[in-house]
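Worksheet for the structure shown next.
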Amino acid sequence: GGYFMFFNPLVNALNNDIPVYALQPAGLNSNENMHNSIEAMAIDYAKEIKEVQPEGPYNLLSYCFSPAVGIEIANIFKEEGLKILQAVP
């Protein structure tokens, strides 16, 4: 279902000074159009991530279906010269 609540146990185990951001697929709970490809989803997510944190380093965590999206986001950041500390599918 793409719900980020599955990450709550992980977030609760981290130090409070480590920010965690979760992204929901477009159109999941709204009238927005859903992404038509992994690449389109990754481009959109990379843009959203950079709005909150314009520069790396980044730690990316993906789960279930999303490892392909996480890897693609890491590739986008690397192509832009941004630092990836960890990409964990």
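Just a few scattered comments:
- At q = 0.16, 0.24, 0.25 Å⁻¹, base-10 log of I(q)/I(0) for the chain (Debye sum, equal scatterers on each alpha carbon): -0.66, -1.42, -1.49
- Computed label-point distance, nm, for sites A13 and E39 using a 7 Å Cα→Cβ extension: 3.6 nm
- Summing charges over neighbours of D44, with a neighbour being any other residue whose Cβ is under 13 Å away from its Cβ, gives -3 when K and R count +1 and D and E count -1.
- The stretch between L85 and A26 holds 18.6 nm of extra length on full extension. This uses 0.36 nm per residue minus the Cα-Cα distance.
- Mean accessible surface per residue for segment 1-85, computed with a 1.4 Å probe while every protein chain stays in place, in Å²: 71 Å²
- For segment 19-63, the equivalent ellipsoid built from the Cα gyration tensor has semi-axes of 20, 11, 10 Å, listed from largest to smallest.
- Sum of side-chain charges, Q24 neighbourhood, beta-carbon under 14 Å (Lys, Arg +1; Asp, Glu -1): -3
The values are calculated or read from the model by the stated rules, or taken from the named source; none is laboratory data. The model shown is predicted, which means the values in this text are computed figures rather than measured ones. In this analysis, Cβ positions are derived from the backbone assuming ideal geometry, glycine residues included, and neighbour counts consider all displayed protein chains. Just the protein is used for accessible areas: all its heavy atoms, side chains included, with ligands, DNA and RNA removed. Shrake-Rupley method; radii C 1.70, N 1.55, O 1.52, S 1.80 Å.
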